[in-house]
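To keep things clear, I will list the structure first and then write my remarks on it.
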Amino acid sequence: MYTFLWYFVIYAFFGWCLEVIYQAIEHGKFINRGFLNGPYCPIYGFGVIIVTGTLEPLKENIIILYIGSVILTTVLELVTGFLLEKIFHQNWWDYSDERFNLKGYICLKFSLLWGIACLVAVRLIHPFIETFVEHIPKTLGMILISVVMVGFVSDMIITVFAVIHIRNRLALLDNIAAEMRKISDYTGEKLYNGVENSKARREKYEELREKYKEQFSKRKFVDRRIENAFPKLKIDTNKSFHEQLEELRKIIEEKKNK
């Protein structure tokens, strides 16, 4: 267990580094990508442990190692994506724009890339990781891994509560947007018919506008990180956080121009 915990932490960190590099190339800026706040992506840690534990005895056969890696990592990504959506009612990644995808959870392109990554990990990187872990003094190693795992569990608890908070706030923003749209449409109809908008509805609109500002300004650091890391994060309404903000801004802008 001690050894596997070290493998998990190390590869979760390597996975986080890989995600940061990919996002930097894709978007040209640093994004703390990952479900948790710390510098680790757990799915990479689990993935490499599963692949090495299952396929390392077959590592000399590159074809079997590659095919097995593709299958195992694809199943892991599929199950993880499905469970996260069912638990949090949110899509944490979406491959719907990629060819040969399955409900956005997995796609052929990344499955093949995971296979290549596992080949490199098992045949080139893992032998050095094994040696490194073996040379860590046992007492020091136990202390270090205990501290890291306590931080990891704490991070997970904080993140889960943050996700729940974001989901509730997104739902509230969606309701505010719907109410603002109703008022805006009503105002437009009245103006079209030559009737002046009522003071009560103007006050109601301003009240909703203030609620929107309040929700936007009270975001916590964890909220902002998750929103930046997963800009396409969606709730049951199938609208991401940024899509909702854009809708609210458009409604407010339309109101200003009337």
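The numbers here are math on the coordinates, done by the rules we state, and not lab data. Quantities reported herein were computed from a predicted structural model and do not represent experimental measurements. All Cβ positions, even for glycine, are placed from backbone atoms using ideal geometry, and neighbour counts span all protein chains on display.
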Among the numbered criteria (1) surrounded by 16 or more Cβ atoms within 10 Å (Cβ to Cβ); (2) touching a residue at least 40 places away in the same chain (Cβ under 8 Å), which single criterion is violated by PHE46?
(2)
Any idea how many residues of the stretch 50-84 are hydrophobic (A, V, I, L, M, F, W, C), within 19 Å of PHE110 (Cα to Cα) and touching a helix residue (DSSP H, G or I) at 6+ places or on another chain (Cβ under 6 Å)?
7
Say whether the condition of being over 20 Å from SER154 (Cα atoms) and among the charged types (D, E, K, R) is met by at least one residue in the stretch 33-47.
no
Does the stretch 21-42 contain at least one residue that is under 27 Å from PHE161 (Cβ atoms) and of a type in the set (Ser, Thr, Tyr)?
yes
